[in-house]
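Since the structure comes first, as C-alpha cells, the remarks are kept for the end.
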Amino acid sequence: MTEKMQIYKCSICGNIVEILHEGAGELVCCGEAMELLKEHNEDIGYEHHIPIVEIRDDKMLVKVGKSEHPSEEKHYIEFIEVHSPDGKYVKRKYLKAGEKPELEMKPKYNEITMRAYCNVHGLWRGHYAER
Ligand SMILES: [Fe+2]
C-alpha cells in the first residue's frame, strides 16, 4: 500500500515518481520493484541536507543545510518542496547544478514541512514552526 507524497526511485534507470493518490499495487520499473525513498531527518557527516528556514524582511527563504549544500554537476539538490501544514498545498522548485539550493516564498504559513532531494544522498525532511 502506497501513501500520498511518498517518493519512489528505480535503481536501474533512475526514474523518480511521487504518489499523488495511494493505491494497493506495487510500483515496478525496469522489471523490478521501485525503492521507497526514506525521508532522512538527521544530518550525518560533513554535508548538510536538512532544509531550514531563514526569515528575511517579508520573505521566507528555504535553504538546504545549515552550511550550503554543493551544487556541482555530480552532486546537487534536484528539488526543494514546501508543504502547507494541512497538506493541501505543495510548492516545488526544480534546480540545476550551479544553482543555489534555495527556495524563496512569501510567509503564508506559520508552520511548514520541507523536503529536499540530493542526487547523491537522497531525500531529506525538515520542519519549521514560527515561535
Ligand atoms: Fe548531498
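Taken together, the values in this text are just the output of simple stated rules run on the coordinates, not laboratory data. From a predicted model like this one, the values you see are computed outputs, not experimental measurements. We place every Cβ from the backbone using ideal geometry, glycine too, and count neighbours over all the protein chains shown.
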Residues with amide H under 5 Å of MET34's amide H, sequence separation 5 or more or different chain, H placed in the peptide plane at 1.01 Å from N; which?
-> LEU27, VAL28, CYS29
Above-threshold pairs, the threshold being 29 Å between Cα atoms, out of LYS74/LYS108; LYS9/LYS74; LYS9/LYS108; LYS66/LYS96 | LYS74/LYS108; LYS9/LYS108
Pull up all non-local amide H partners of HIS69: gap of 5 or more, or a different chain, and H-to-H distance under 5 Å with H placed in the peptide plane.
-> VAL64
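If the viscosity is 1.002 mPa s and the temperature 20 °C, what translational diffusion coefficient in µm²/s does Stokes-Einstein give for the chain when Rh comes from Kirkwood over Cα pairs? Don't skip to the answer; put the middle values down first.
Values: Rh = 15.6 Å.
Here the translational diffusion coefficient equals 138 µm²/s.
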Compute the relative contact order of the chain as a whole-number percentage, counting only Cα pairs closer than 8 Å that sit 6 or more residues apart in sequence.
-> 22
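Taking the Cα centre of the chain as origin and charging only Cβ (+1 Lys, Arg; -1 Asp, Glu), how large is the dipole, in debye to the nearest 20?
So the dipole magnitude of the chain works out to roughly 360 debye.
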Rounded to whole Hz and in sequence order, give me ³J(HN,Hα) for the range 52-68 from the Karplus expression 6.51 cos²θ - 1.76 cosθ + 1.60, θ = phi - 60°, writing x for Gly and Pro.
-> 10, 10, 10, 8, 10, 6, 9, 10, 10, 10, 8, 10, 9, x, 5, 10, 4
Calculate one ³J(HN,Hα) per residue across the range 20-33 by plugging θ = phi - 60° into the Karplus curve 6.51 cos²θ - 1.76 cosθ + 1.60, and present them in order as whole Hz with x for glycine and proline.
-> 9, 8, 5, x, 9, x, 8, 7, 10, 9, 6, x, 10, 5
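Which of the three applies to the range 60-122, rounded, prolate or oblate, going by the alpha-carbon gyration tensor with a ≥ b ≥ c and a/c under 1.5 meaning rounded? Can you show the working numbers first?
On the way: a/c = 2.36, a/b = 1.97, b/c = 1.20.
Cα axes put the range 60-122 in the prolate bin.
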Whole-Hz couplings from phi, Karplus 6.51/-1.76/1.60, listed for the range 99-107; x for Gly and Pro | 8, 5, x, 9, 9, 10, 8, 6, x
